[in-house]
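Read the figures in this text as sums done on the coordinates, not as results from a lab. Not measured: the values here are computed from a predicted model. Quick reminder, even Gly has a Cβ in these numbers, built from the backbone with ideal geometry, and neighbours come from all protein chains shown.
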Amino acid sequence: MTRDPFRELFAFAPGFTQVLEASRQGAAGSWLPPLDVYETKDAYVVVIDVPGVSLDRLDVMLENGVLTVRGERKFHPCVSEESFHRVERRFGQFTRSVSLPSSRVESDGVTARSSDGVLTIEVPKAAAAQPRRITVVDTSTSIEAEGPTSASVAPNGDTPFAPKEAK
């Protein structure tokens, strides 16, 4: 069997990317909650796992197309560190940033909701970024005689090919 170093690198890449991001953040974060980003017709949606992080310890900001979520998960306040036999969960501050196309987002309508330790942030797309259906007008008939078979609306709201009134 032949070794494929690129396949090995790509298999290693997801974990390596998270390690690189953690080292880039340095003291600003001691753990990185996983996140997903997807796009719908009307918005960009960011979903972040933040179990054990209280809402008063979360800060969500959108600036110049960069969505930043900061937070902190406190270590067990009622138990001394000496009492633990094993600690696998991560605690402390975190910062996650996601770049969105700044010219395509509407910052005024951003919503954030939390349920069962999952934070969901919806960033609406700007009206110009949303798909728009354009009506095609059949102008093969004489405009003076009968007018077009369908009306179309121009971007400024005018109806350039409105049928003429019958005499």
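Loop-only check: which GluC sites (Glu not before Pro) in segment 46-104 are DSSP coil with at most 10 other Cβ within 10 angstrom? List each step's numbers first, then the result.
Values: sites: GLU63, GLU72, GLU81, GLU82, GLU88; in loops: GLU88.
When the GluC sites (Glu not before Pro) of segment 46-104 are filtered for loop state and at most 10 Cβ neighbours within 10 Å, GLU88 remain.
Close amide H contacts of ALA126 (hydrogens built in the peptide plane, cut-off under 5 Å, sequence separation of 5 or more or a different chain): VAL105, GLU106. Here the label points at ALA126 and ASP49, each 7 Å from Cα along the C-beta direction, are separated by 3.5 nm in the simple model.
In terms of its C-alpha gyration tensor, segment 59-126 has a prolate overall shape, because the principal axis ratio a/c (a ≥ b ≥ c, square roots of the eigenvalues) is not below 1.5 and a/b outweighs b/c.
Stretching the chain fully between VAL60 and ASP36 yields a gain of 7.1 nm (0.36 nm per residue, less the alpha carbon separation).
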